[in-house]
1. Only one of (1) surrounded by fewer than 18 Cβ atoms within 10 Å (Cβ to Cβ); (2) more than 14 Å from the ligand (Cβ to nearest atom) is not met by Glu127, so which one is it?
2. Which one of these does Asp156 not meet: (1) away from the ligand (no atom under 12 Å from the Cβ); (2) over 19 Å from Ala24 (Cβ atoms); (3) charged (D, E, K, R)?
3. Return the only residue of Glu136, Glu161, Glu127 being closer than 25 Å to Gly10 by Cβ and without any contact (Cβ under 8 Å) to a residue 12 or more places away in the chain.
4. Return yes or no: is Ile81 β-branched (Val, Ile, Thr) and within 19 Å of Thr159 (Cβ to Cβ)?
5. Test Ile81 against the stated conditions and say whether it is of a type outside the set (D, E, K, R), touching a residue at least 40 places away in the same chain (Cβ under 8 Å) and more than 15 Å from the ligand (Cβ to nearest atom).
6. Taking the range 101-119 as the search range and keeping residues that are assigned to a loop (DSSP other than H, G, I, E, B) and surrounded by fewer than 19 Cβ atoms within 10 Å (Cβ to Cβ), which one is farthest from the ligand (Cβ to nearest atom)?
7. Got a sec? Which strands (runs of 3 or more DSSP E) wholly within the range 1-100 have at least 3 residues that are within 12 Å of the chain's Cα centre (by Cα), of a type outside the set (D, E, K, R) and under 15 Å from Ser111 (Cβ atoms)?
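Nothing in this text is a laboratory measurement; each read-out follows from the coordinates by a stated rule. Being a predicted model, the structure only gives us computed values, none of them experimental. Positions of Cβ are backbone-derived with ideal geometry, glycine not excepted, and every protein chain shown enters the neighbour counts.
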Amino acid sequence: MRERLELFKGDITTLDVSVIVNAANSSLLGGGGVDGAIHRAAGPELVWECRKLNGCPTGSAKLTGGHNLKAAHVIHTVGPIWRDGNHGEPDLLTKAYRSCFALIRQMGFGSAAFPSISTGAYRFPLEQASRIAIQEGLAALEENLVLRKLIFVCYDAATLEAYQARIEQLAPVPA
Ligand code: APR
């Protein structure tokens with residue numbers, strides 16, 4: 001399973017995979033960070049398609065086309081804004097990953113790439129967020145054999161380190 005899991009340091013919009021996941025806000029009408037990068041790379045048609053979706057609640061996920069992106073599809077999910085950890089933030093982040101993996105399974109996608117949801121503007125602590133991401137990713141790989149390649153995209157060194165540490169911890173390569 002570990003061979004189907006990959007870390008990529010760079011820009012998610014450059015990846016040629018079946019679907020890339022967008023860390024959106026509940027309006028789905030674009031924003032900064034990875035949301036801004038995806039909309040810029042996809043072109044104006046993406047926001048027109050998103051308008052028809054009438055937003056997305058935190059923890060849920062919605063599918064659109066990829067438009068000018070290399071990826072054929074985009075899954076827009078909304079992670080929780082971190083407050084203090086006592087407002088259901090971990091559960092909502094878990095729910096967001098599970099909603100994305102449910103769509104990936106339903107659509108039969110063979111490859112998918114995720115950004116580090118909620119760890120930017122939404123200020124979710126990287127340690128805890130990376131554990132949730134890797135745990136949910138490993139569970140999805142276990143139960144969905146059609147998904148042959150799962151990439152976690154780390155945009156900066158700190159995120160890459162956190163994800164690397166988590167993978168070592170949760171899916172150690174047998175000695
Ligand atoms: N490719 C991959 N990852 C990226 C890219 C990119 N081009 N640009 C930024 N990132 C990384 C950030 O460095 C961070 O690690 O994505 C992670 C998530 O950060 P944000 O994009 O700020 O997303 P999030 O914390 O979920 O906040 C979402 O920000 O952009 C707005 O509209 C969005 O309101 C929503 C909020």
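1. Failed condition: (2).
2. All conditions pass for Asp156, except number (1).
3. Residue meeting the stated conditions: Glu161.
4. yes
5. Here the answer is no, as Ile81 does not meet what is asked.
6. The selected residue is Gly108.
7. Result: 19-23.
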